[in-house]
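**Q** One structure coming up, written as structure tokens, with questions to follow.
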Amino acid sequence: GYVRATVPTGTAEATIEAASKLKSVLGIDLKQEIKLDDPTPSGDRAAGAKQLKATGSYPAPGKKTPAANPYTPSFETGAVDFVKKNPKADGRGITIGVLDSGVDLGHPALKKTTTGERKIVDWVTATDPVNDGDGTWLRMSQT
């Protein structure tokens, strides 16, 4: 299972440090807010900037698109070379939990693993138990 905790900002660092020392804690992830640029025309900081001319075009990605392609950064991160050297290091036997909204369970890339197994084995709606009034959560508001 996993625990969702809200702690005061002032004690967050100490809380994370203490929790990371527990043998039962396998990972810690923080809810972070990332400030994005204003997407409206009035917020365009590049208005009037010189536009670079395209030097070529690439076919749209598909089943035969190589791992090193202009659509994904996998080659820039070294992932393509890593997979070549370690072809079985593709996540076999690893279960990953993802907290996200809008996951398309029917997307072809999420259907089967490299060994033919289902990729998505379970999912839940991860709403906020307090603010959203979701009764599927067990509220534990006391120590």
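**Q** Could you tell me whether segment 51-67 includes any residue that is at pLDDT 80 or above and surrounded by 10 or more Cβ atoms within 10 Å (Cβ to Cβ)?
**A** yes
**Q** Name the one entry in Ser20, Ser101, Ser24 that is open to solvent by 90 Å² or more (accessible area, probe 1.4 Å), modelled with pLDDT of 85 or more, under 30 Å from Ser141 (Cα atoms) and of a type in the set (Gly, Ala, Ser).
**A** Working: Ser20 fails: open to solvent by 90 Å² or more (accessible area, probe 1.4 Å); Ser101 fails: modelled with pLDDT of 85 or more.
Of the residues listed, the single one that is open to solvent by 90 Å² or more (accessible area, probe 1.4 Å), modelled with pLDDT of 85 or more, under 30 Å from Ser141 (Cα atoms) and of a type in the set (Gly, Ala, Ser) is Ser24.
**Q** Which one of these is β-branched (Val, Ile, Thr), modelled with pLDDT under 80 and open to solvent by 80 Å² or more (accessible area, probe 1.4 Å): Thr143, Thr77, Thr40? Even if it seems obvious, please write down each step before you answer.
**A** Details: Thr77 fails: modelled with pLDDT under 80; Thr40 fails: open to solvent by 80 Å² or more (accessible area, probe 1.4 Å).
Every option except Thr143 fails the conditions.
**Q** Among the residues of segment 106-133, which ones are open to solvent by less than 90 Å² (accessible area, probe 1.4 Å), in a loop (DSSP other than H, G, I, E, B) and either modelled with pLDDT of 75 or more or touching a helix residue (DSSP H, G or I) at 6+ places or on another chain (Cβ under 9 Å) (or both)? Walk me through it before giving the result.
**A** At the first step, the residues of segment 106-133 found to be open to solvent by less than 90 Å² (accessible area, probe 1.4 Å) are 106-107, 109-110, 113, 115-116, 120, 126-130, 133.
Of the ones still in play, those that are also in a loop (DSSP other than H, G, I, E, B) are 106-107, 113, 115-116, 120, 126-130, 133.
Listed by number, the residues that qualify are Gly106, His107, Thr113, Thr115, Gly116, Ile120.
The values are calculated or read from the model by the stated rules, or taken from the named source; none is laboratory data. Please read all numbers here as calculations on a predicted model, not as lab measurements. Every residue, glycine among them, receives a Cβ derived from its backbone with ideal geometry; neighbour counts consider all protein chains shown. When the accessible area is computed, the model is the full protein with side chains, heavy atoms only, and any ligands, DNA or RNA have been set aside. Shrake-Rupley method; radii C 1.70, N 1.55, O 1.52, S 1.80 Å.
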